[in-house]
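Here the structure comes first, spelled out in structure tokens, and everything after it is commentary.
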Amino acid sequence: MLTTKAFVIGHPIAHSRSPLIHGTWLAENGLDGSYEAIDVAPADLPGFFERLRAGEFAGGNVTIPHKEAVFALCDSVDELARMIGAVNTLVVKNGKVHGTNTDYLGFLGNLDANAPTWSDGPNDAMIIGAGGAARAVLVALRRRNGGKVHVLNRTLGNAQALVDEIDGPFSAHGFEDFAKLAPHIGLVVNTSSIGMNGTRFDWLDMSLLPKTALVTDIVYTPLETPLLAEAKAHGLRTVDGLGMLLHQAVPGFAAWFGVTPVVTPQLRARIEATLDH
Ligand code: NAP
């Protein structure tokens, strides 16, 4: 039997934590497999797809800047990835490359594991940010959350474009609408890059949210973003973004190696140890 091989491609790729995640699962499950980070420049992407079709790999992950470019190269892309507008996982079968997106499952898996009652009953939600990650979160909330979703973004036009593209009870807002919406919100999701590199929200008054609200941030560097720290200080429930990264990796591993892996506290601790605090 040949070793089953998987990869993550990006440019650059050195920062990726995916090899540690999948390497941990390969070892835990005693599998004869490998998972490597491969730097593929945009111009080399078509050539890399030839290697895939030739059967060198069972599949792999795709990260920046290739998540949109691979659409044109895949033999098939599922509806979910089309709706989200990005492919982050490739599966090769019989010389054909299939593209999907597991970020939305990562988002749901993280909340299900760390705030199990989060989707009980209709719950109006607020997504901050309207980039690629916001799309995956909006699709996830559409599938699992009965309430309205308000998308707040620095550039109103980007929020409007997002809610126009995905069908559902969604509305677009500028940040100035936070105070008006906050008292009716059960879930706040930050998908913007605010929280990274010392940045913080200066307009978000947590005291306006109901005491039962859940606040989650998909930014995980730092693990406790200023948003989460402030939510905790106001006695609100919080879930950090590291679990999304771990849970989005599950479906790919299962497809390539044939075993559904488990997100354990040990895995989380291992990845957490690699984050800058
Ligand atoms: P993106 O497509 O570049 O979108 C960035 C978003 O942040 C846009 O809505 C942008 O607003 C907003 N933004 C950027 N700088 C801002 C500022 N100074 N003030 C206000 N808004 C600002 O990025 P993305 O792919 O969606 O990723 C967003 C974040 O999610 C990143 O930090 C990424 O690492 C994280 N992420 C985490 C996971 C996970 O597994 N936990 C998965 C995916 C992404 P405009 O529209 O106004 O530019």
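The values are calculated or read from the model by the stated rules, or taken from the named source; none is laboratory data. Because the structure is predicted, anything quoted here is derived from the model rather than measured. Here Cβ is always computed from backbone atoms with ideal geometry, including for glycine, and neighbour counts include all displayed protein chains. Side chains are part of the model used for accessible areas, which takes the heavy atoms of the whole protein and leaves out ligands, DNA and RNA. Shrake-Rupley method; radii C 1.70, N 1.55, O 1.52, S 1.80 Å.
Annotations for the structure displayed:
- Nearest-20 debye value, the stretch 1-61 charge dipole, Cβ charges on Lys, Arg, Asp, Glu: 80
- When both bridge partners sit in the chain, DSSP labels roughly 20% of those beta bridges antiparallel.
- Amide H contacts of A37 (H built 1.01 Å from N, in plane; Pro and chain starts excluded): V8 sit under 5 Å, all sequence-distant by 5 or more or on other chains.
- Portion, in percent, of the accessible area of the chain that falls on carbon or sulfur, probe 1.4 Å: 53
- According to the calculation over all Cα-Cα pairs in the stretch 138-277, the P(r) per 10 Å bin from zero is 10, 35, 36, 17, 2 %.
- Estimated FRET transfer efficiency when R0 is 41 angstrom, pair D44-L208 (beta carbons, to 0.05): 0.25
- Using just its DSSP H runs of length 4 or more, each adding -39500 (n - 2.57), the chain gives a mean residue ellipticity at 222 nm of -9500 deg cm²/dmol after division by all residues.
- Computed extension length for D32-T260: 80.6 nm, one decimal, from 0.36 nm per residue of separation with the Cα-Cα distance subtracted.
- Highest mean packing first, where packing is the average number of other Cβ atoms within 10 Å per residue, the peptides 104-115, 263-274 line up as 104-115, 263-274.
- Seen against the Cα atoms of the chain and their longest principal axis, helix 18-28 is set at about 70 degrees.
- Relative contact order of the chain, pairs being alpha-carbon contacts under 8 Å that are 6 or more residues apart, as %: 16
- The stretch 79-127: relative contact order as a whole-number percent, Cα under 8 Å and 6+ apart: 24
- Charging the Cβ of each Asp and Glu at -1 and of each Lys and Arg at +1, and nothing else, the dipole of the chain about its Cα centre rounds to 300 debye.
- Charge dipole of the stretch 160-277 (Cα centre as origin; +1 on each Lys and Arg Cβ, -1 on each Asp and Glu Cβ, all else neutral): 480 debye, rounded to the nearest 20.
- Most positive-pole-ward Cα, G106, L45, S207, against dipole of the chain from beta carbon charges: G106
- Shape analysis of the stretch 77-208 based on the Cα gyration tensor places the equivalent ellipsoid semi-axes at 27, 17, 15 Å, largest first.
- Cα gyration tensor, the stretch 160-224 - rounded (a/c under 1.5), prolate or oblate: oblate
- Per-bin percent of Cα-Cα distances, the chain [5 Å]: 1, 6, 12, 16, 18, 16, 13, 9, 5, 2, 1, 0, 0
- Whole-number accessible area per residue in Å² for the chain, which is evaluated in the context of all protein chains at 1.4 Å: 44
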